[in-house]
1. Being at positive phi and assigned to a loop (DSSP other than H, G, I, E, B) is the filter; apply it to the range 355-398 and report the residue that is most open to solvent (accessible area, probe 1.4 Å).
2. Restricting the search to the range 52-82, which residues are at pLDDT 90 or above, open to solvent by 60 Å² or more (accessible area, probe 1.4 Å) and out of contact with any Ser or Thr (no Cβ under 8 Å at 6 or more places or on another chain)?
3. Among the candidates A385, A312, which residue alone is at pLDDT 90 or above and within 16 Å of the ligand (Cβ to nearest atom)?
4. Can you give me the number of residues within the range 42-56 that are near the ligand (Cβ under 10 Å from one of its atoms) and part of a loop (DSSP other than H, G, I, E, B)?
5. Among the numbered criteria (1) modelled with pLDDT under 95; (2) closer than 16 Å to G49 by Cα; (3) among the hydroxyl-bearing types (S, T, Y), which one does Y119 miss?
6. Name the residues in the range 4-41 that are in a loop (DSSP other than H, G, I, E, B) and within 11 Å of the ligand (Cβ to nearest atom), would you?
7. If I go through the range 313-338 residue by residue, how many of them are surrounded by 15 or more Cβ atoms within 10 Å (Cβ to Cβ) and either over 28 Å from the mean Cα position of the chain (by Cα) or hydrophobic (A, V, I, L, M, F, W, C) (or both)?
8. Any idea how many residues of the range 161-201 are in contact with a Cys (Cβ under 8 Å, 6 or more places away or on another chain) and farther than 15 Å from P33 by Cα?
Amino acid sequence: MNVRSDHHELVIVGGGLAGLMAAAQAEALGVTPLLIDNGIQGAHQGLGGFAPFSGAKFSLFPAGRGLSPLVGGDGELIRRYAKICREFTQIGLSEFNVSDRQIAGQETEMAVGLAHRNYHSILLSPRRIDALLAALTRRLKRTRIIRARAKQIAIKTESRIIAVLESGEIVCGRSFIIAAGRLGGELLTMAGVTETHGKGIEIGVRFGFDTRSPVANLRKLGPDAKFMADGTRTFCLNSPGKIFHYPGLGFSLPGGIVAEADWPQSNVGILCRLPNRKVELERLLQFAPTGKLEAFSFNGSKTDLEWTAHAADLLGPDVVSRINSFIHTLVESGLIDLPSRYRVHYPLLDWHWPVFSLTDRLATAAPRIFAAGDSSGHARGLMQAALTGELAVEEALS
Ligand SMILES: Cc1cc2nc3c(=O)[nH]c(=O)nc-3n(C[C@H](O)[C@H](O)[C@H](O)COP(=O)(O)OP(=O)(O)OC[C@H]3O[C@@H](n4cnc5c(N)ncnc54)[C@H](O)[C@@H]3O)c2cc1C
């Protein structure tokens, strides 16, 4: 086994947006970090993780509001988003030259008690996201980059954490930032980091209509328009029949495909936030004897949902009552016009990745191990990964 003798002040595992931003911030604070990245399978050789394969939509405030407690409030989060927009503009991405108003977005209360979350997104073409990642990589002047997979992270002594690479080589560091995307959970668990209280899970139903008119008013506000009341919300409007299935979890998790304008049908999801993901998944597994949760449906007529006993049992009484009340609110607000016959598909689930960071921080329960980007579990998204990369370094080096 080859142990690299040098001991790094900071080791960053993962060279996605979070890792790239973390490395730049470390350099800015006078530290030369070591960055380990194995690249996404099938991708080009550059750094950047999932970013080139994402929708390349950088969502500004109030998106990622879950990060506000990390920086000391909404105002500071807006300021940090603005700083990143300036940085990206300076390295040649003029798309990020947006107004203060666009950065701050707005969350408005509607008369009927619904909150409308309206944020601006900067959308990059595939060529431009590649240009951004190339520019972020080019600006790293001193960072040492190892293209390899870290197999394991282990805490050896108070000031010595190691990463075992797939080749058997070992690298040592004083502090580690795990920015390995959603794969980071495995590394953190192996290092003995426990999952902190998660964000729960969202469970609900998807209304499927034969025409576009029932959700026409909602769609006018944008394909991603989000309305919320009491922990219940609308979910982006999925194309009928085109639901992503995340493999391996035993559940069908719907992705965010937006219905194309020429589809004659329309859909809208309604999701209720439940606090304990583990408990809910265990409960739902009882309904999945084959290990895969099937999709079921029942009828709806105007605001009357013809709940079957199976649907009511599977979703639970709390979710049923919240959905019943939420659809009345949506109809009263004029956002949805429910027809006299439609289908209600269930279950609809939105997954929240495990949270490994402590509340209000990117530090984990293990000393000097920090989690950034999707690995932290605090917030998903490109802008959010970029920001948490910077914040993790500020914490690690403070
Ligand atoms: C299909 C899809 C569409 C999306 N669309 C959007 C969108 O439009 N807007 C938006 O804001 N967000 C979007 N997202 C989410 C967004 O892509 C992520 O939130 C963001 O890329 C996370 O960045 P990250 O740096 O945390 O992780 P990643 O981008 O996952 O980068 C992690 C890096 O770590 C490396 N790595 C992992 N494990 C190891 C290891 N053991 N050793 C060494 N290296 C390792 C990986 O190879 C990768 O390079 C989308 C995601 C997907 C999958």
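The values are calculated or read from the model by the stated rules, or taken from the named source; none is laboratory data. Predicted model, so just to flag it, every value in this text is computed and none were measured. Counting neighbours? That spans all protein chains shown, and the Cβs are built from the backbone with ideal geometry, glycine included. Each accessible area value is taken on the protein alone, full model and side chains, heavy atoms only, with ligands, DNA and RNA left out. Shrake-Rupley method; radii C 1.70, N 1.55, O 1.52, S 1.80 Å.
1. Filtering first and then ranking leaves D360.
2. If the condition is that a residue be at pLDDT 90 or above, open to solvent by 60 Å² or more (accessible area, probe 1.4 Å) and out of contact with any Ser or Thr (no Cβ under 8 Å at 6 or more places or on another chain), then G72, R79 are the ones that fit.
3. Matching residue, one of A385, A312: A385.
4. Result for the range 42-56: 8.
5. Exception for Y119: condition (2).
6. Matches in the range 4-41: G14, G15, D37, N38, G39, I40, Q41.
7. Going through the range 313-338 one residue at a time, the tally reaches 15.
8. Residues flagged as in contact with a Cys (Cβ under 8 Å, 6 or more places away or on another chain) and farther than 15 Å from P33 by Cα within the range 161-201 amount to 0.
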